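Shown next, in C-alpha cells, is the structure this report addresses.
Bear in mind that the values in this text are calculations on the coordinates, not laboratory data. These numbers were taken from a predicted model, which means no experiment stands behind them. In this analysis, Cβ positions are derived from the backbone assuming ideal geometry, glycine residues included, and neighbour counts consider all displayed protein chains.
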Amino acid sequence: MGFERGAILALLRHPLLVVEAVRTWFALRRPGGTGVAGPYLAWRRLTAYGDHLATFGAQDVVNYLTWRREMRTIRKWERGA
C-alpha cells in the first residue's frame, strides 16, 4: 500500500485516528471494488516526495489523518450540525 511500517505503530499511539484511517480507506476505495485507488495515491506520493513509488512516512500519515478529522469537524460546524 505504500506505508512504512512505522505508520501502523503511529496509528496505535493515536487511537482516535484509527477510526479516521478506516474512514479514509473506505473513501479511497475503487468504486465497485476493493482496495485503495492506486492512481490517487501515486499522485499523492509524487506531489509529496517527488516519486510516485515512495512510501508514506509515519508522521505524514498521522498528519494527514489528523487533518481529515479536523476538516470533518469544521464542515459539521459550518453546516450547523
Estimated 222 nm signal from helices in the chain, with DSSP H stretches of n ≥ 4 weighted -39500 (n - 2.57), rounded to 500 | -22500 deg cm²/dmol
Using only alpha carbon pairs under 8 Å that are at least six residues apart, calculate the relative contact order of the chain and give it in whole percent.
-> 40 percent
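Sorted from fewest to most neighbouring beta carbons within 10 Å, what does the list ILE8, ILE74 look like? All intermediate terms of the calculation are to be shown ahead of the outcome.
Numbers: ILE8 13, ILE74 10.
Ranking ILE8, ILE74 by Cβ neighbours within 10 Å, fewest first, gives ILE74, ILE8.
How large is the dipole of the chain about the Cα centre if only Lys and Arg carry +1 and Asp and Glu carry -1, each at its Cβ, rounded to the nearest 20 debye?
Details: 13 positive and 6 negative charges, 69 e Å.
Approximately 340 debye in magnitude.
Summing Lys, Arg as +1 and Asp, Glu as -1, what charge do residues with Cβ under 9 Å from the Cβ of ARG23 carry, ARG23 excluded? Could you put the intermediate results ahead of the total?
On the way: positive: ARG68, ARG69, ARG72; negative: GLU20.
Taking every other residue near ARG23 into account, the sum is +2.
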Cα-projected label distance for LYS76 with HIS52, points at 7 Å along beta-carbon direction, nm = 3.7 nm
